[in-house]
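Here the structure comes first, spelled out in structure tokens, and everything after it is commentary.
The values are calculated or read from the model by the stated rules, or taken from the named source; none is laboratory data. Every value quoted in this text rests on a predicted model; they were computed, and no experiment measured them. Glycine gets a Cβ as well: all are built from the backbone with ideal geometry, and neighbour counts include every protein chain shown. We work out accessible area using only protein heavy atoms, side chains counted, and drop any ligands, DNA or RNA first. Shrake-Rupley method; radii C 1.70, N 1.55, O 1.52, S 1.80 Å.
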Amino acid sequence: MTGLNDKQTEAVIHTEGPLLLLAGAGSGKTRVLTHRIAYLIDEKGVNPYNILAITFTNKAAGEMKDRVLRIVKNGAERVWVSTFHSLCVRILRRYIDKLGYERQASGNYRKMQVARVYTEYQKRLKQSNALDFDDLLYKTIELFQFNPEILDSYQERFRYIMIDEYQDTNYIQFLLVKMLAAKYQNLCVVGDDDQSIYKFRGANIYNILNFEKEYPDAKVIKLEQNYRSTGNILKAANGVISNNEGR
């Protein structure tokens, strides 16, 4: 655990059961997540195939994947690191026929075939006056609800789930995570309960505030040491946050 403080180390080695990491900007949360993945694989012997890490942007997912590749000894490329929407796209590509959409017959998804399916998918969404971006999540929920054997297969696959920026998740993302983690409940969520910037697109701060109610056995760890900001900046920020009546 070279380079980690006590709280970061505690977060890395607590691998079983629900875990809430309260971590502000500059607290080293991405470092904790990547080292946690490495610990699961290299120390606990977890199959990388059974690990899912979700971030909010493709850039953040790429950066996390690169960091995991640098520190994990074996199998890092098999860890599924993606955004919520990328996760749902990959699931729907495989099982979209279960929702009444056409699927190419071959087992190998070549780029042109995938593009053809996705184009048809977009066409039908437009005909239904639906929004494709968030509909990816709704359709995945629908797939799981009506095909419990498919949900079970992904619960078996994703035995260890990590979600970054959890304070910015919306209800449907919360529901998707809850379904995937229901079997093993090895769910680690990381977020700042004093920071949420995506309320305009449906983010629900109560997903993180109510995490302990949803998972009564959850362990809570606060990463309070800041490695990015000066004392004056932190003092000013905390002064502003102290006026938040909802907290």
Using the structure shown, select from Lys73/Lys213; Lys44/Lys183; Lys29/Lys59; Lys7/Lys178; Lys65/Lys123; Lys59/Lys178 the pairs with a Cα to Cα distance greater than 28 angstrom.
Lys73/Lys213; Lys65/Lys123
Probe 1.4 Å - accessible area at Glu214, Å² to nearest ten:
70
How charged is the neighbourhood of Val189? Take every other residue with its Cβ under 13 Å from the Cβ of Val189, and add Lys/Arg as +1 and Asp/Glu as -1.
-3
For Ser82, what charge total do you get from the other residues with a beta carbon under 10 Å from its beta carbon, if Lys and Arg give +1 and Asp and Glu give -1?
+2
Furthest towards positive pole of dipole, Thr9, Leu19, Ala38, structure part region 1-80, Cβ charges
Ala38
Roughly how many Å² of Thr57 are accessible to a 1.4 Å probe, to the nearest 10?
60
For every other residue with a beta carbon closer than 9 angstrom to the beta carbon of Asn47, add +1 if it is Lys or Arg and -1 if Asp or Glu, then tell me the sum.
+2
